[in-house]
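The values are calculated or read from the model by the stated rules, or taken from the named source; none is laboratory data. Keep in mind that this is a model prediction, so the values were computed, not measured. With ideal geometry, Cβ positions are generated from the backbone for all residues, glycine too; neighbour counts draw on all protein chains shown. Just so you know, the surface numbers come from the protein's heavy atoms only, side chains and all, with ligands and any DNA or RNA stripped out. Shrake-Rupley method; radii C 1.70, N 1.55, O 1.52, S 1.80 Å.
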Amino acid sequence: MFPEYDVIVVGAGHAGCEAAAAAANMGSKVLLVTMNMQTIAQMSCNPAMGGIAKGQIVREIDAMGGYSGIVSDLSTIQFRMLNRSKGPAMWSPRTQNDRMLFAATWREMLEKTPNVDFYQDMVRSIIIKGNKACGVVTGLGHEVKAKSVVVTSGTFLNGIIHIGEKQFGGGRVAEKAATGITEQLVEYGFESDRLKTGTPPRVDGRSLDYSKMEEQKGDDEIVGFSYTNTPRIKPEAQRSCWITYTNDTVHDILKTGFDRSPMFQGRIEGIGPRYCPSIEDKINRFADRDRHQLFVEPEGWNTVEIYVNGFSTSLPEEVQYEALRIVPGFENVRIFRPGYAIEYDYFPPTQLKYSLETKNLANLFFAGQINGTTGYEEAACQGLMAGINAHQNAKGLEPLILKRSEAYIGVLIDDLISKGTEEPYRMFTSRAEFRTLLRQDNADLRLTEISHKLGLASDERMEVVLRKKTEVGSIKKTLSESSAEPDQVNPYFESIGSAPVSEKQKVSKLLLRPNVDLPSLLRSVPSLQAALSIHQPDSLEQAEIQIKYERYIEKEQEIVDRMSQLENMAIPAGFDYDKVNALSNEALQKFKKIRPATLGQASRISGVNPSDVQILMVYMGR
């Protein structure tokens, strides 16, 4: 019934979809197995993509030839560039999306991708021969062979849903859990554990009074995620979101359900996400706060369903309802479905190689929440990398490894396999030590050449990037050679409270002033504005950022160059750490467990001191 595939992808969430698309676009014959063909690329939680650091990841996925950025742009109902008041390293694009359109667009793009086959069934086990994964066995008993297997099981592995004192099996509300894989892999020496996540109630937007809330409109300029010419929403067509707040009365009502809370009563064993806590966790941990912000987010263009962002909960349904009715604007609220918590299996990611292939079984790759992460974007980028490396593995080629200095994707994977995680991992800009280099605006310049060599990014994409690089260089040259007269720029400087100039100065030097931006400066020098009008807006922005932050960029690059010495010193796969007598006990245990691939990775393992790395370096030098 089934041919042998190059790659089988288990699960069709954000990780699974990106994995299937990447492997197929590189030339692998791919089978995407999902328990429900109607929920491909489902936005299980909030209908949004991007945000702080996550927006950078989506742009990196797009630069690598993934689909998430394109799908997000095509299903956007609101766009915002977050952190505009800070430096460009912190700028983070975010979209509010039409939930149903997002999933439908993903499925349509996958169906149009050559080499992708689909099959609806549960995968109950992996076919294993000689410590190698060779395919999967489905719930209906079909054995399907493959050279590589990518497991992207999300929250479905032995998933349990909690609502107050009620609990039932499920990977998502109204969808059954997946069983068999965890038990099988534990028999093969894998370590597994439990994590928890949650989601808020969905409500009827017709029952809300928006006059009691703060309106949150989208940006006047829609930048989007994709570097392609994907059609984007018009600014005036965007849907608004709304902001309201809890209060002490809301908190008091929620507390009446604590004695039936699965989290407080110990029925939930897994640890939840630190940076996205439930509402009951918030009022318990932050007892001094008299209110918490709630974002009232529409689920799409043609639906009245509303997502209550910030009110994630697993309290009894009647407690959720009574508390929501006290929130300003929610006095007459009607609930479509209650919030709930879900507990599921994951495999601590220190059991993975940089390629996301497991150490215990060759040909088996993990991506997404199975690795202990949370968030669509974190899952999607892992899926992309697992799909790429599953293809490389199937074809006998070297894996692709992105470094911490090359991408947020590299930071995420390195954090997972070097440090592990005991709680759902979420990406933040603070996790990237080279965030001035890893900006959302330059992901195409950083990564398109890499993906083009793999056959993911098209020739057209590569030509656009090369043209952009040329444009940016030309713009910087023009700005460094052109001068502005005092009478041209002083009115602008006066309007922003900047000191006037008394003599002609180079435009590139004037651009270094605080609060001075290139578009405004060009309007002050009409001849220069006319000369640069032939260039694309993103090229002008890129040139401005490179000029303004040149010193910072150079300093970070110097640090990267210095650290590359450690990154390039590989540790042999079978290295015997017991022979290195001077290592601390903790370092010895961590090295033997994680088996770092390089001295650079060894230096980032929690509990390892610089002296341990120096000792290891000296020993290897001998």
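FRET efficiency for the pair TRP301 and GLN536, taken as 1/(1 + (r/R0)^6) with r the Cβ-Cβ distance and R0 = 41 Å, rounds to 0.85. Full extension of the chain between ASP487 and LYS112 gives 129.2 nm of extra length, using 0.36 nm per residue less the Cα-Cα distance.
Probe of 1.4 angstrom, ligands and nucleic acids ignored: what's the accessible area per residue over the range 44-130, in square angstrom?
In whole numbers, the range 44-130 has 31 Å² accessible per residue.
Going by accessible surface with a 1.4 Å probe and the largest first, TRP106, TRP301, TRP242, TRP91 read TRP301, TRP242, TRP91, TRP106.
Per residue, the range 407-480 exposes 38 Å² of solvent-accessible protein surface, assessed with a 1.4 angstrom probe and all protein chains in place.
Element breakdown for the chain at a 1.4 angstrom probe: carbon and sulfur atoms account for 49% of the accessible area.
Between GLN505 and GLU460, take the C-beta separation as r, use R0 = 45 Å, and let me know the FRET efficiency to the nearest 0.05. Computed FRET efficiency for GLN505 and GLU460: 0.65.
Quick one: if the Förster radius is 22 Å, what FRET efficiency do MET617 and GLU554 give, using the C-beta to C-beta distance and rounding to 0.05? Plugging the Cβ-Cβ distance into 1/(1 + (r/R0)^6) gives 0.20.
VAL333 contributes an accessible area of around 0 Å² to the protein surface, as traced by a 1.4 Å probe with all chains present. Accessible surface calculations at 1.4 Å, restricted to protein heavy atoms, place the range 132-192 at 42 Å² per residue.
Seen through its C-alpha gyration tensor, with square-root eigenvalues sorted a ≥ b ≥ c, the range 488-622 comes out prolate because a/c lies at 1.5 or above while a/b is bigger than b/c.
Rounded to two decimals, the Cα radius of gyration of the chain over 2.2 N^0.38 Å is 1.02. Net charge in the neighbourhood of GLU541 (other residues with Cβ under 13 Å of its Cβ; Lys, Arg +1, Asp, Glu -1) is -2.
In terms of the Cα gyration tensor, with a ≥ b ≥ c the square roots of its eigenvalues, is the range 98-168 rounded because a/c is under 1.5, prolate because a/b exceeds b/c, or oblate?
Since a/c reaches 1.5 but b/c is at least a/b, the shape of the range 98-168 is classed as oblate.
Computed on the range 346-386, with alpha-carbon pairs under 8 angstrom and 6+ residues apart, the relative contact order is 39 percent. Measuring only protein heavy atoms, the 1.4 Å probe finds ASP193 accessible over about 80 Å². Once the cut-off is 27 Å, how many percent of the Cα-Cα pairs in the range 343-489 end up in the long-distance tail? When every Cα pair of the range 343-489 is considered, 35 percent fall beyond 27 Å.
Could you state, as a whole-number percent, how many of the C-alpha pairs of the range 1-52 are farther apart than 18 Å?
Here the tail beyond 18 Å accounts for 39 percent of pairs.
Charge tally for LYS592 (other residues, Cβ to Cβ under 15 Å; Lys, Arg +1; Asp, Glu -1): 0.
Each principal axis of the Cα cloud of the range 255-392 was taken in turn, and the coordinate range along them, longest first, works out to 56, 40, 25 Å.
With a 1.4 Å probe rolled over the protein heavy atoms of all chains, the accessible area of ASP288, ASP345 falls in the order ASP288, ASP345, largest first. The range 20-53 and the range 550-614 have Cα centres separated by 34 Å. Summing charges over neighbours of ASN115, with a neighbour being any other residue whose Cβ is under 10 Å away from its Cβ, gives -1 when K and R count +1 and D and E count -1.
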